[in-house]
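The numbers here are math on the coordinates, done by the rules we state, and not lab data. Predicted model only: the values in this text are computed from it and were never measured.
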């Protein structure tokens, strides 16, 4: 593998081990669960526009209910604990196998 490609891959891998990347990944996953669920429901053929609008409004409401300091603290603590656990078990092992 060319040296430049190897350096680029190692750079990307090192970024992925940072907490802010992991936090963003988990936050994206959290939000996209709601939007993916909505997208699947909206694809049903027997759905009319009013029902689709209602589902979209319910999704927005559910996301807004998650938007509190208390829920953020719960989410942040969960992500932090998961990051610590992952770092101890799998991240350290994977980092040894970089190019």
Could you tell me which of rounded, prolate or oblate describes the chain, using a ≥ b ≥ c as the square roots of the eigenvalues of the alpha-carbon gyration tensor, with rounded for a/c under 1.5 and, failing that, prolate when a/b is larger than b/c and oblate otherwise?
-> oblate
To the nearest 500 deg cm²/dmol, what mean residue ellipticity at 222 nm is calculated for the chain from DSSP H runs of n ≥ 4 alone, each contributing -39,500 (n - 2.57), summed and divided by the residues?
-> -26000 deg cm²/dmol
